[in-house]
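Participant: Sharing a structure here in structure tokens format.
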Amino acid sequence: MSRYELHANLSEKQIESDLAGYMGWISKSTPFRLIDIDEQITGSDKMMLNNGFAFYMQFKKSKGLKSISEIASSTRKNRSALEDIREFRHKKHLPDDPTLYFKLREKAQHAYDYQHNILLKFANQAYSQAFYVAPLILDKEEYYRCLFDSANRYVDFPFYYYDLQYHVKNWISYISYVPILKNHISIIPHESVNTCEHYYSYSTVGTDIGWHSPELLSERPSRLSDILSQELFALINNTERFVPLNQLYGAITSIYEAGDITYNSSLLDDITDIERLQVFGRELYKNYGIRQLICAVNIESINKLK
């Protein structure tokens, strides 16, 4: 490891496990359910939940780079691409003390496409959204302190209610203030690639997202708390984006359009629409490591809240 690289002792699997479980937990007792691919569906949920919207998340481990102001960049011809990130952020006067970043995943040996391109297929669709999620913290002890912050983790609802209506000025969700969600960058993929030699960089507060080869994508905050609250409020304000679960299954499988997600059709027999979506999500995860969560609702009940 070079002198300008900062050690990170978190793992992608650890981050994924913590956050996937957490997001299912915070949606309890709300008018929607964030259903993970491994979640057991109760009998009442099977009866009540009839519409949905799909989220796709790729969990990444952030790594760190020290500023050029602290350690000068190399002039070698075969220097690391990480030096380009450091120089780019320095020249653009972006926060770089330190810089956080992650690299795109290599194409798996038998995969149809790069993981990044598969994630991109689900981004900004009528019935789905997709994004990378990476912590703004490098140390696992600090990460766990944030995750188990008792003052913010053990709340009754991620939204405030009053007489079954949202009671938050300008519909601002409590999700926006939960520390563990604020402490993750969330980046929606924006263009396809034909190599994994690309990096996203960002500040330690989740702003100033860079795409390398160099482009500044956004200076605004783009944390998981920001993306989740924006997407959920957009759904609540426009409930037509929630579609019947059987239509959602058809929509996301047609979005995918790749030949390497195959499963025995008998798996789809005698199961509910939510469980059918979970079968697809498990196959997507097995092949690409992309996690699926379904935001499921009872459309009649949620329309009464508007």
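Participant: So in the range 113-130, with the set limited to residues that are buried (at least 20 other Cβ atoms within 10 Å of the Cβ) and of a type in the set (S, T, N, Q), which one is nearest to Gln58 (Cα to Cα)?
Facilitator: By that ranking, first place goes to Gln115.
Participant: Conditions: (1) outside any loop (DSSP other than H, G, I, E, B); (2) open to solvent by 50 Å² or more (accessible area, probe 1.4 Å); (3) not β-branched (Val, Ile, Thr). His110 meets all but one. Number of the miss?
Facilitator: (1) is the only condition that His110 fails.
Participant: Suppose the filter is crowded, with 22+ Cβ neighbours inside 10 Å, touching a residue at least 60 places away in the same chain (Cβ under 8 Å), among the hydrophobic types (A, V, I, L, M, F, W, C) and not in a helix (DSSP H, G or I); does Ala134 pass it?
Facilitator: yes
Participant: With the structure loaded, tell me whether Ile185 is touching a Gly at 6+ places or on another chain (Cβ under 9 Å) and among the β-branched types (Val, Ile, Thr) or whether it fails that test.
Facilitator: Here the answer is yes, as Ile185 does meet what is asked.
Participant: Pull up the range 1-41, narrow it to residues that are of a type in the set (Lys, Arg) and outside any helix (DSSP H, G or I), then point me to the one that is modelled with the lowest pLDDT.
Facilitator: The selected residue is Lys28.
Participant: Tally the residues that are in contact (Cβ under 8 Å) with a residue 40 or more places away in the chain, outside any helix (DSSP H, G or I), more than 14 Å from Phe32 (Cα to Cα) and of a type in the set (D, E, K, R), restricting the search to the range 266-306.
Facilitator: Qualifying residue count for the region: 1.
Participant: In the range 178-228, what residues are open to solvent by less than 10 Å² (accessible area, probe 1.4 Å) and not hydrophobic (A, V, I, L, M, F, W, C)?
Facilitator: His184, Ser186, Pro189, Tyr200, Ser201, Tyr202, Ser203, Gly206, Gly210, Ser225
Participant: Separate question: Kindly indicate the residue of the range 173-224 that is within 13 Å of the chain's Cα centre (by Cα) and in a strand (DSSP E or B) and also farthest from Ala108 (Cα to Cα) among those meeting that condition.
Facilitator: Top of the filtered list is Arg223.
Participant: I need every pair where a residue in the range 191-214 that is over 14 Å from Arg86 (Cα atoms) has its Cβ under 6 Å from the Cβ of a residue that is among the β-branched types (Val, Ile, Thr) and loosely packed, with under 14 Cβ neighbours inside 10 Å, sequence separation at least 6 or different chains.
Facilitator: Qualifying pairs under 6 Å: none.
Participant: Next question, about the same structure. Test Gly210 against the stated conditions and say whether it is at positive phi, at pLDDT 95 or above and of a type outside the set (S, T, N, Q).
Facilitator: The answer is no for Gly210.
Participant: Out of everything in the range 250-271 that is at pLDDT 70 or above and open to solvent by 40 Å² or more (accessible area, probe 1.4 Å), what residue ends up being farthest from Ala111 (Cα to Cα)?
Facilitator: Asp270
Participant: While we're on this one: Look at the range 131-152 and say how many of its residues are modelled with pLDDT under 85 and among the small types (Gly, Ala, Ser).
Facilitator: 2
The values are calculated or read from the model by the stated rules, or taken from the named source; none is laboratory data. Because the structure is a prediction, the values reported are computed rather than measured. When we count neighbours, we look across all protein chains shown, and the Cβ atoms used for this are built from the backbone with ideal geometry, even at glycine. These accessible areas exclude ligands, DNA and RNA; they are computed on the full protein's heavy atoms, side chains included. Shrake-Rupley method; radii C 1.70, N 1.55, O 1.52, S 1.80 Å.
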